[in-house]
Amino acid sequence: MADSVENQLNGGNSFLDVFSTYMGQVISEFMHSNDNRIELLQRRLHSCSFLVNIEEMSYIDEALQCPITLAIPQRGVFLRNAEGSRVCSLYDEMALSRIINDGMHHPLSREPITLSMLVAREQCEFDCSIGHFTVRSDCYSV
């Protein structure tokens, strides 16, 4: 009797069939949305990246060092140190791209990396008083 009611309520499918279909859809939607998120982050990363010219950027070497590779990148990108932070660090474009592709979190804050964390070069300046790059006050928004 219970099997008959179950089949009538679920359009001829058992609970396990309905549940399997539902979970397949949820997983598919999650994977699709995660792929879109990664694609958007990668686009933003590439649009914010630039050639690092050491002669043009006469700052202390530590400020130019990528927190991932511990080297001065050839192609760099600025990333806020945390969501909502004005302080940024210079990252190697390829190293940060890999972290984003692998779905890993921010190397310093351990937060998920968001679009607003990636900052265009012209929106950053070096603050000598703290020895770090910061988002210019006229560009600061969270």
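The values are calculated or read from the model by the stated rules, or taken from the named source; none is laboratory data. Remember, predicted model here, so these are calculated numbers, not experimental data. Heads up, the Cβs are rebuilt from the backbone with ideal geometry, glycines too, and the neighbour counts pull from every protein chain shown.
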Legend entry - residue 28 vs. criteria at pLDDT 95 or above and assigned to a helix (DSSP H, G or I): no
Inset, instruction - Check residue 126 against each of (1) touching a His at 6+ places or on another chain (Cβ under 9 Å); (2) surrounded by 15 or more Cβ atoms within 10 Å (Cβ to Cβ); (3) at pLDDT 95 or above and name the one condition it does not meet. - result: (3)
Legend entry - Residue count, the stretch 88-107 (criterion: touching a residue at least 40 places away in the same chain (Cβ under 8 Å), surrounded by 16 or more Cβ atoms within 10 Å (Cβ to Cβ) and more than 16 Å from residue 49 (Cα to Cα)): 1
Legend entry - One residue from 110, 136 being surrounded by fewer than 17 Cβ atoms within 10 Å (Cβ to Cβ), charged (D, E, K, R) and closer than 25 Å to residue 57 by Cα: 136
Legend entry - strands (runs of 3 or more DSSP E) contained entirely in the stretch 63-142, each with at least 2 residues that are under 18 Å from residue 41 (Cα atoms): 75-80, 87-92
Inset, instruction - Tell me, please, whether a residue that is surrounded by fewer than 18 Cβ atoms within 10 Å (Cβ to Cβ) and on the phi > 0 side of the Ramachandran plot can be found in the stretch 45-53. - result: no
